[in-house]
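The values are calculated or read from the model by the stated rules, or taken from the named source; none is laboratory data. Keep in mind the model is a prediction, meaning the values are calculated, not measured. As a convention, Cβ positions derive from the backbone with ideal geometry for all residues, glycine included, and neighbour counts pool all protein chains shown.
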Amino acid sequence: MAGRTRVPPSPLEAVREAGFFVQTEATRIALEQSREDLLALRVPAAEQALRDLAERPDGAVAAYYHLATAALLRVFLTDAGEAVAAFDGYTDSLAAALARRPETRWRRYLAAESRLQQALVAAKREKHVRAALLARSAYRQFAALQDEAPDFAEAYKGRGLLKMAIGSLPRGYRRLLRWLGFSGTVEAGLADLEVAAACSRYNREEALAVLGLTEVLMNLEPARGLERFSTLYAWHPDSPLFGYLYGFALLRERQGRRALEVLEAVAHRGDDPAYLYVDYADYYYAEALFLHDRFEEAIPVFLRYAARHPGPALKALTYLHLGLAHEMLGHREEARAYYEKVRATRALDSDVAAERQARLRLVRAMTPLDEALLRVENAFRSGRYAEAEALLATLPVDGARPDVRARAAFWQARLHHALGRFDEALEEYRKVMSLQPNDRDRYAPWSQLYIAAIYEQRGERERARRAYEAALAFGSTYDYHQTLEQQARAALEGLD
């Protein structure tokens with residue numbers, strides 16, 4: 001593939017049996033090219049080559065597994081209903097092809113992988129009971145395979161993902177699952193994924209991507225997660241998927257300028273029919289523009305995402321940002337029209353918070369102080385710390401409402417924290433909590449979480465533990481409580 005830096009071979013490759021029941025060199029070469037196209041997200045070309053591969057005597061298993069994987073990508077990246085039907089069909093064809101093969105570890109592995117893929121699709125479609133049953137079946141198959149063949153590196157990705165999912169659940173659910181014979185922690189899942197990333201021939205990129213997302217989203221080792229995405233992007237520079245993931249991680253880690261560069265490059269592939277485009281890249285490119293106060297440029301990109309993506313993902317945030325962008329440009333009536341469109345169609349942190357903020361903005365226009373605070377937040381979240389500090393120094397917060405003063409103190413604390421000024425950060429976080437904004441605002445509980453993080457960074461483990469537990473004691477009425485609870489539980493697990 002043009003521009004790709006080859007991944008060094010795994011030290012275990014020489015002793016592996018033929019993967020996917022491939023027996024001939026011609027079939028192996030055809031499979032490798034199809035995988036190259038799939039990783040680059042040239043899905044139409046990959047699908048055609050895989051359909052041809054299915055006609056080879058030793059190619060059916062490999063073809064149907066990767067066709068199911070391509071359909072899985074379409075399900076998650078496009079929300080298109082027809083992709084689910086295609087996935088179901090390829091899964092059935094894979095099962096039939098496997099039934100004609102001898103009982104080997106590759107057959108058991110692919111059966112477990114297929115169960116895991118089906119569980120992911122069921123969860124995406126919110127068929128939670130079916131997803132749980134399929135995940136249980138996959139867990140048992142992976143566990144048996146690892147017990148029998150601990151050197152079979154391909155199996156570590158799937159079971160690692162399942163262990164990590166179990167470890168992310170509340171403790172009560174985990175106790176029940178242990179009683180039923182299923183155990184797992186985030187730490188154990190990450191360890192299995194590390195094996196897959198280092199030794200697997202076919203799951204290396206996927207394992208690296210899951211590791212990176214976990215480290216970034218759960219704030220475990222975000223710098224390491226960002227490095228993983230940088231590696232994937234270097235291996236596959238023309239892949240919209242890895243470009244999107246790298247840009248997303250850069251934005252999360254407040255490297256706004258580099259995020260803009262990467263996401264803009266991905267956005268330019270949006271009209272190329274050779275690629276399965278990642279619509280989400282449009283959303284995050286628009287967000288990167290918004291965070292740099294480039295509101296006029298952000299609006300058409302947000303609108304493109306709203307028009308192109310058929311599902312509900314990120315739609316509430318899209319319409320909220322369109323409203324805020326118009327309001328920052330002085331277009332109050334246009335802003336109101338977009339605020340009216342914000343609906344929390346899913347019980348996700350971001351959707352619920354977006355709807356609440358939109359309702360607030362419908363009844364209360366942004367004041368000059370609100371606008372200044374938004375620019376402070378944008379400057380901080382895009383990594384423009386000097387600009388954020390200068391803006392904070394001029395904020396006229398004396399006499400403002402307690403919730404406004406809490407917001408100002410929160411972003412001042414975040415800035416101190418990011419710059420390593422921990423004592424000043426602790427003082428500001430405590431100020432936020434003393435202001436006691438209403439129980440829907442996130443600033444007090446998140447301040448408590450960041451206080452815990454500072455204690456942990458300082459090596460004060462017992463103080464950190466108590467502070468994380470205090471963050472979890474805030475209840476579940478405030479914005480982004482699910483994310484806080486997940487991060488706090490993962491941090492407590494790491495302290496055990």
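Take Asp271 and decide whether it is more than 20 Å from the chain's Cα centre (by Cα) and either surrounded by 23 or more Cβ atoms within 10 Å (Cβ to Cβ) or among the acidic types (Asp, Glu) (or both).
Working: more than 20 Å from the chain's Cα centre (by Cα): yes; either surrounded by 23 or more Cβ atoms within 10 Å (Cβ to Cβ) or among the acidic types (Asp, Glu) (or both): yes.
Taking the combined requirement at face value, the residue satisfies it.
May I ask you to list the residues in segment 373-407 that are more than 16 Å from Met328 (Cβ to Cβ) and of a type in the set (S, T, N, Q)?
Across segment 373-407, the qualifying residue is only Thr394.
Which condition number in (1) within 20 Å of Tyr468 (Cα to Cα); (2) not in a helix (DSSP H, G or I) is the one that Leu426 fails?
(2)
For every residue, the table says whether it meets (1) within 17 Å of the chain's Cα centre (by Cα); (2) surrounded by fewer than 21 Cβ atoms within 10 Å (Cβ to Cβ); (3) assigned by TED's automatic domain parsing to the domain that holds Asp37.
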residue	(1), (2), (3)
Ala281	yes, no, no
His292	no, yes, no
Glu297	no, yes, no
Leu320	no, no, no
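Considering only segment 26-42, I want to know if a residue exists there that is free of Cβ contacts under 8 Å to residues at least 60 places away in the same chain, hydrophobic (A, V, I, L, M, F, W, C) and surrounded by 22 or more Cβ atoms within 10 Å (Cβ to Cβ).
Yes: segment 26-42 contains one or more residues that are free of Cβ contacts under 8 Å to residues at least 60 places away in the same chain, hydrophobic (A, V, I, L, M, F, W, C) and surrounded by 22 or more Cβ atoms within 10 Å (Cβ to Cβ).
Starting from segment 386-401, keep only residues that are among the acidic types (Asp, Glu), then list their pairs with residues that are assigned to a loop (DSSP other than H, G, I, E, B) whose Cβ atoms are within a distance under 9 Å, requiring at least 6 positions of separation or different chains.
Pairs found: Glu389/Leu419.
Can you tell me how many residues within segment 418-442 are without any contact (Cβ under 8 Å) to a residue 40 or more places away in the chain and closer than 20 Å to Glu485 by Cβ?
Applying the first criterion (without any contact (Cβ under 8 Å) to a residue 40 or more places away in the chain) to segment 418-442 yields 419-439, 441.
In the following step, the residues that additionally are closer than 20 Å to Glu485 by Cβ were identified as 429, 432-433, 437-439, 441.
Number satisfying all stated conditions: 7.
Of the conditions (1) crowded, with 19+ Cβ neighbours inside 10 Å; (2) at pLDDT below 95; (3) out of contact with any helix residue (DSSP H, G or I) (no Cβ under 6 Å at 6 or more places or on another chain), Phe76 satisfies every one except a single condition; which number is it?
Failing condition for Phe76: (1).
State which residue is surrounded by the most Cβ atoms within 10 Å (Cβ to Cβ) when the search covers only segment 402-461 and only residues that are within 24 Å of the chain's Cα centre (by Cα) and of a type in the set (Lys, Arg).
Arg414
Tell me which helices (runs of 4 or more DSSP H) are completely within segment 230-336 and hold 2 or more residues being within 30 Å of Ala207 (Cβ to Cβ) and modelled with pLDDT of 95 or more, or say none if there are none.
Numbers: elements: 240-252, 256-267, 279-291, 295-308, 315-328.
Here the list reads 240-252, 256-267, 279-291.
Name the one entry in Ser230, Ser239 that is buried (at least 18 other Cβ atoms within 10 Å of the Cβ), of a type in the set (S, T, N, Q) and either out of contact with any His (no Cβ under 7 Å at 6 or more places or on another chain) or closer than 19 Å to Arg304 by Cβ (or both). Can you show your working first?
Numbers: Ser230 fails: buried (at least 18 other Cβ atoms within 10 Å of the Cβ).
Just one listed residue meets the conditions, Ser239.
Scan segment 42-52 and give yes if some residue there is assigned by TED's automatic domain parsing to the domain that holds Ala97, closer than 23 Å to Ala153 by Cβ and not polar (S, T, N, Q), otherwise no. Quick ask: steps written out before the conclusion?
Kept after step one, since they are assigned by TED's automatic domain parsing to the domain that holds Ala97, are these residues of segment 42-52: 42-52.
Adding the requirement that they be closer than 23 Å to Ala153 by Cβ leaves none.
No - not one qualifying residue is present in segment 42-52.
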